[in-house]
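> Right, I'll just put the structure down here and ask away after.
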Amino acid sequence: MKCNRLVDVGRRQFLRGGLVATAGAAAATVVGTGQAQAQTALALVDYPANRLANIADLAANEPMDIGYPDADSPGVLIKLGNAVDGGVGPDGDIVAFSVLCPHKGWMLSYNAGDRTLNCPGHHSRFDCESGGQQIWGHATQNLPQFRLRVEDDGDIFADGVDELIYGRLSNVLA
Amino acid sequence: MAFKRQVGRLPIIPADAQEFNVTCHYCIVGCGYKAYTWPMNRQGGTAPEQNKFGVDLSEQQVMDAEAWYAPSMYNVVRQNGRDVQLVVKPDVNCSVNSGLGSIRGARMAENRPSRVTGTQAQRLSDPLVWRNGVWQPTSWDDALDLVARVTAKVVTEGSEDDLVVSMFDHGGSAGGYENTWGTGKLYFESMKVKNCRIHNRPAYNSEVHSSRDMGLDELNYAYKDYTLTDTIFMLGANSMETQTNLYLNHMVPGLQGGARMVVVDPRRTLTIASSEQYAGPENVLHLAIKEGTDLALCNAILTEIVDKGWTDAEFIAASTFPDGVAVAQDDAHPASLGSLEHAMTACRLSLDEAAEICGVPAADIARAAEWIAGPHEDGSRRKCVTCYEKGIIWGNDNYRTIGAIVNIALATGNVGREGGGVCRLGGHQEGYYRPGDAHVGRPAEYIDQFLIRGLGGVHHIWACDHYKTTLNASEFKRVHKRRSDIVKDAIDAAAGGTREQVVDAIVSAINAGGLFVVDVDIIHSQIGQNAHVILPACEANEMNLTSMNGERRLRLSEKYMDPWGNAKPDALIAAGVAQAMERVLREMGNDAYADQFKGYDWATEEDAFMDGYNKGNPEVTYERLRAMGNNGVQEPVTGFENGQLIGTERLYSDGRFTRHGREDGKALFCAAGWRGWQAPGKAREQAAHRFWINNVRANIFWQNQFLDQKNDFVQDRYPHPFVEMHPDDMVELGLNPGDLLEIINDNGVTQGMAYPMPTLKRNTVAMVFGSPAGSQGNVVNPGVNELVLPDYKHCWGDIRKISDATPQTAGISFKSPEAVL
Ligand code: SF4
Ligand code: FES
């Protein structure tokens, strides 16, 4: 799965590379030779669109382990069973979060009883029904949530993250 | 939906970024941080040689990694007149926190004022003077001239007793040795102001008189004692939330290493919940006493220890006063002090009597005594570290209750030894260095009542917002505003007049009952609404600042950015006031008085440090402290050898007690007899209302709520002050989570947001203290102890719904804060 994803990312980068080359060439004719050329880069992190699962794979309130934007960034995909703000799917109840605690990166565990992600490190906890809001804890941000999209065939894709993931200074690693 | 910063990438700290030592200035723990700054046109890279950490940042970092920082740790600030990039992150090499950040400290960078990112735009940038019906920005010269002219006229026409001063006495934040010296020199040396108070209480007094009178400084241990002890005995404190990294980095290893914990608190705190997880519930004893009964509980524990023969006879013989009364009870001493036998005549209380008073089983009290003092199976002595904070300090009968706590530590020999200590946990860091304050008197003047009675003509306020942090706040605010408005109206009526005419108008208004208010602060505070002159100050790291933490660890927290706008360090503002006073008094022909205001030619905060702290501690200089880094040195500093300052790990390790000033070096016990509610009006209020309104603190913003009122992450979590209630009480009052409610009693009204908390006892609520959006002090009665210590914690009221949840409050999480693992 990781390989597929990398191929995917590579193809998109390649296409953009063509556009950059054109702009660079134009700039070069203006500034002339002998000067360094600025590298054009995008302002935002470019997220891969990855298929995580199909709706049919999910059982209510049972988290499925996923990795996004790559396999080194563990997360969970959950069909909560009731609609929530930001939930996707026909029932508006599917969400996905990073499970690396944004305090010091310990691995969170899911408590199905109250639909929270809890940290064994220093007891921070996050509400899966409130966009990953830190209910109580030491992290200075709410839990990074993966933006999801569901295709007609039930395939669930992730294509973005709304906070910096623990342990990386770029959500998509260079 | 929860607030998200929508940040997917942060600039990388380049390998050659500038590095500064930072001590977190928010709470007492004083965690070590590093600040890194670098120019806007540079950035580090992912390759090890391209970044400060020397690691490959193109890989996912593992847990507890040094090489990660959150968006809250990044900002763009001004340094030497230029924008620079800034990261402030926890220091893995600091022994206080070992790389742990907290939800407060790890937002230091984000809570810096920035023109570029727009954070903390609420910070004051220029002096403001009330003119033409608004606060007009002006120069320092203009503002200080007005302050000095009015102040000089009032204190010379009347006396220095007409000048009322509210001034912080703490370290960290915008306090520290530099700034307490600046204000201290101004008011206690150049002047002898006795009508003064401290930021969080209505008089100029100690919060722990009895500990000091008994011979013990209140910060006598080292944090490592929590890992060396057998038992942690905590009263009226909730360290997981309010001394977070002291708890996580020192208490938790103690618990994991086999220490037990006894917690005295009417409510189940998160410290109790977490300690059960770390130590196992069988090793945590929660004594959920009735509010205000700590003293009876402690006396019963002491009685049990004495009767079981678990006292440390050798220690008592060597280090405590042997015969009878050493200090009699009088106006300045709410209990007599002396030998253990003498104390026992007042303290003796049986387990059953205490069980009745405190509402906890006698067997639990006996178990607490055993966990604190019962010898190990092999007969060896049990070590116990005792800690307390606002539940005691702001509780019922402050003097005697702290005395009763210290009694237990003394009787068991748990002071000055590894794994011992009896300490307050603290709020801010400490940073007090001032000329003597004996002229203030003991008991000190109750300043709020002094102002309410219409006394005093000029009020200088240094970083105190009594609107949020005083008791009887409703009345205080009403009177303070009315008196300030008299002066505002006079200024408005004198518009267009010369400086002399305006000053005359102000002084006439003061003589007619008005109050001229000068407010020095970093933001336009609520009490600042009553100010006529507002002076902008700096925080730590916008200036160099020295403070010590809860184990007396002294550090220099370095300046890495410019003051905001034209703001200045408090020490230099105090110097400016003094210089203006000297000039004005000389103009008035009062040369002798003017001469008293000489000696403030400080160009920097370091000059203030050298003029004050260094004179008393000649070994300590900025240069040497800088070299000691984030581990600093534990006070008192006793020397300088091999390039290192030599400190003191724990106090009284020689068994000699000196805080009371006694030549014999003997500690005194406190005859702390139980007498029910000590402060006037408490018993009547308790009988008249349904709910006990406990006031509490919250991890997320305690000690920096004034900044966090403009922090999106925090405001998203608690858009209104929370009022935690038992769900059954909520149902009875027709309240849903997030509904707005008001709390009413004879003292006033305050408001907040209902938050269900199933672990609370019925008919009690826990309301956050000091919120800008709902002051708990509004409903606290004016009752204080004999030495004018407020009893904020005991207040009763009725509750009424104001409104359904707002869209904002309805959207937040109302789940229990206890982690489920
Ligand atoms: S525990 Fe206190 S000192 Fe440490 S980072 Fe948090 S607020 Fe700062
Ligand atoms: S790592 Fe999760 S709370 Fe500290």
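> Kindly establish whether B:His376 is open to solvent by 10 Å² or more (accessible area, probe 1.4 Å), within 29 Å of B:Gln678 (Cα to Cα) and either of a type in the set (Val, Ile, Thr) or in a loop (DSSP other than H, G, I, E, B) (or both).
So B:His376 fails the test.
> Moving on to the next point. Test B:Tyr187 against the stated conditions and say whether it is in a loop (DSSP other than H, G, I, E, B) and crowded, with 24+ Cβ neighbours inside 10 Å.
no
> Restricting the search to region A:106-119, which residues are in a loop (DSSP other than H, G, I, E, B) and either within 16 Å of ligand 1 (Cβ to nearest atom) or more than 8 Å from every other protein chain (Cβ to nearest Cβ) (or both)?
Residues satisfying the conditions are A:Leu108, A:Ala112, A:Arg115.
> If you scan region B:762-821, which residues turn out to be away from every other protein chain (no Cβ under 14 Å), part of a strand (DSSP E or B) and not charged (D, E, K, R)?
B:Thr764, B:Val765, B:Met767, B:Ser771, B:Gly774, B:Val784, B:Pro790, B:Trp796, B:Gly797, B:Ile799, B:Ile802, B:Ser803
Let's see how each residue does on (1) out of contact with any Gly (no Cβ under 7 Å at 6 or more places or on another chain); (2) facing chain B (nearest Cβ under 7 Å); (3) within 16 Å of ligand 1 (Cβ to nearest atom); (4) of a type in the set (Ser, Thr, Tyr):
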{"site": "A:Asp57", "(1), (2), (3), (4)": "yes, no, no, no"}
{"site": "A:Ala83", "(1), (2), (3), (4)": "no, no, no, no"}
{"site": "A:Val95", "(1), (2), (3), (4)": "no, no, no, no"}
{"site": "A:Lys104", "(1), (2), (3), (4)": "no, yes, yes, no"}
{"site": "A:Leu164", "(1), (2), (3), (4)": "no, yes, no, no"}
{"site": "A:Ala174", "(1), (2), (3), (4)": "yes, yes, no, no"}
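> Still on this structure, I have one more. Check A:Asp159 against each of (1) within 7 Å of another protein chain (Cβ to nearest Cβ); (2) in contact (Cβ under 8 Å) with a residue 40 or more places away in the chain; (3) open to solvent by 20 Å² or more (accessible area, probe 1.4 Å); (4) of a type in the set (Asp, Glu) and name the one condition it does not meet.
If we test A:Asp159 against (1) within 7 Å of another protein chain (Cβ to nearest Cβ); (2) in contact (Cβ under 8 Å) with a residue 40 or more places away in the chain; (3) open to solvent by 20 Å² or more (accessible area, probe 1.4 Å); (4) of a type in the set (Asp, Glu), just (1) comes out false.
> Turning to a different aspect of this structure: Is there a residue in region B:197-214 that is surrounded by fewer than 21 Cβ atoms within 10 Å (Cβ to Cβ) and touching a Leu at 6+ places or on another chain (Cβ under 7 Å)?
no
> Any idea how many residues of region B:465-495 are assigned to a helix (DSSP H, G or I), among the small types (Gly, Ala, Ser) and over 26 Å from the mean Cα position of the chain (by Cα)?
Number satisfying all stated conditions: 3.
> Which number in (1) more than 27 Å from B:Cys298 (Cβ to Cβ); (2) open to solvent by 70 Å² or more (accessible area, probe 1.4 Å) marks the one condition that B:Asp654 misses?
Exception for B:Asp654: condition (1).
> Right, next: Wholly within region B:541-660, which strands (runs of 3 or more DSSP E) include no fewer than the required count, namely at least 1 residues that are under 30 Å from B:Glu418 (Cβ atoms), modelled with pLDDT of 95 or more and of a type in the set (Lys, Arg)?
B:553-557
> When the residues of region A:103-117 are filtered to those that are open to solvent by less than 20 Å² (accessible area, probe 1.4 Å) and touching a strand residue (DSSP E or B) at 6+ places or on another chain (Cβ under 8 Å), which remaining residue is nearest to ligand 2 (Cβ to nearest atom)?
The residue in question is A:Leu108.
> On to the next question. Out of the residues in region B:62-108 that are β-branched (Val, Ile, Thr), within 13 Å of chain A (Cβ to nearest Cβ) and part of a loop (DSSP other than H, G, I, E, B), which is most open to solvent (accessible area, probe 1.4 Å)?
Going through the qualifying residues, I end up with B:Val62.
> Could you check, for region B:16-27, whether at least one of its residues is facing another protein chain (nearest Cβ under 7 Å), of a type outside the set (A, V, I, L, M, F, W, C) and either in contact with a strand residue (DSSP E or B) (Cβ under 8 Å, 6 or more places away or on another chain) or surrounded by fewer than 19 Cβ atoms within 10 Å (Cβ to Cβ) (or both)?
The answer is no, given that none of the residues of region B:16-27 is facing another protein chain (nearest Cβ under 7 Å), of a type outside the set (A, V, I, L, M, F, W, C) and either in contact with a strand residue (DSSP E or B) (Cβ under 8 Å, 6 or more places away or on another chain) or surrounded by fewer than 19 Cβ atoms within 10 Å (Cβ to Cβ) (or both).
> Do you know which of the residues in region B:21-50 that are more than 16 Å from ligand 1 (Cβ to nearest atom) and hydrophobic (A, V, I, L, M, F, W, C) is farthest from B:Val76 (Cα to Cα)?
This residue is B:Ala47.
> Only residues that are of a type in the set (Phe, Trp, Tyr) and open to solvent by less than 70 Å² (accessible area, probe 1.4 Å): list them for region B:618-651, please.
If the condition is that a residue be of a type in the set (Phe, Trp, Tyr) and open to solvent by less than 70 Å² (accessible area, probe 1.4 Å), then B:Tyr622 is the only one that fits.
> Taking region A:120-143 as the search range and keeping residues that are more than 7 Å from every other protein chain (Cβ to nearest Cβ) and more than 16 Å from ligand 1 (Cβ to nearest atom), which one is nearest to B:Thr244 (Cα to Cα)?
A:Phe126
> Quick one: would you say A:Leu164 is under 18 Å from the mean Cα position of the chain (by Cα) and closer than 26 Å to B:Thr809 by Cβ?
Here the answer is no, as A:Leu164 does not meet what is asked.
> Please specify each residue of region B:347-363 satisfying the condition of being part of a helix (DSSP H, G or I) and surrounded by fewer than 19 Cβ atoms within 10 Å (Cβ to Cβ).
Residues satisfying the conditions are B:Asp352, B:Glu353, B:Glu356, B:Ala362, B:Ala363.
> Would a scan of region B:38-55 turn up a residue that is surrounded by 24 or more Cβ atoms within 10 Å (Cβ to Cβ) and either away from ligand 2 (no atom under 16 Å from the Cβ) or closer than 26 Å to B:Arg626 by Cα (or both)?
Checked region B:38-55: no residue is surrounded by 24 or more Cβ atoms within 10 Å (Cβ to Cβ) and either away from ligand 2 (no atom under 16 Å from the Cβ) or closer than 26 Å to B:Arg626 by Cα (or both).
> Kindly list, by first and then second residue, each pair from a residue in region B:31-52 that is under 17 Å from B:Glu66 (Cα atoms) and among the hydrophobic types (A, V, I, L, M, F, W, C) to a residue that is part of a loop (DSSP other than H, G, I, E, B) and within 16 Å of ligand 1 (Cβ to nearest atom), limited to pairs with Cβ atoms under 6 Å and residues at least 6 apart or on different chains.
Short answer, once both residue conditions are applied: B:Cys31/B:Cys24; B:Cys31/B:Val96; B:Cys31/B:Asn97.
> Of all residues in region B:720-735, which are out of contact with any strand residue (DSSP E or B) (no Cβ under 7 Å at 6 or more places or on another chain) and surrounded by fewer than 18 Cβ atoms within 10 Å (Cβ to Cβ)?
Result: B:Asp728, B:Val731, B:Glu732.
> State whether the residues of region B:622-645 include one that is touching a strand residue (DSSP E or B) at 6+ places or on another chain (Cβ under 8 Å) and under 24 Å from B:Ala578 (Cβ atoms).
yes
> Working carefully through the options B:Ser275, B:Ser239, find the one that is hydroxyl-bearing (Ser, Thr, Tyr), within 14 Å of chain A (Cβ to nearest Cβ) and touching a Phe, Trp or Tyr at 6+ places or on another chain (Cβ under 8 Å).
B:Ser239
> I'd like the full set of residues that are more than 19 Å from B:Ile408 (Cα to Cα) and in contact (Cβ under 8 Å) with a residue 12 or more places away in the chain, limited to region B:655-674.
B:Arg662, B:Asp664
> Then there's this: For the condition surrounded by 21 or more Cβ atoms within 10 Å (Cβ to Cβ) and either touching a strand residue (DSSP E or B) at 6+ places or on another chain (Cβ under 6 Å) or not in a loop (DSSP other than H, G, I, E, B) (or both), what is the one hit in B:Ala335, B:Ala317?
B:Ala335
> Also: Restricting to region A:64-81, count the residues that are away from chain B (no Cβ under 14 Å) and in contact with a Cys (Cβ under 9 Å, 6 or more places away or on another chain).
2
The values are calculated or read from the model by the stated rules, or taken from the named source; none is laboratory data. Model, not experiment: these values are computed from the prediction. Positions of Cβ are generated from backbone atoms using ideal geometry, with glycine treated the same way; all protein chains shown enter the neighbour counts. Remember, those area values only see protein heavy atoms, side chains included, never the ligands or the DNA or RNA. Shrake-Rupley method; radii C 1.70, N 1.55, O 1.52, S 1.80 Å.
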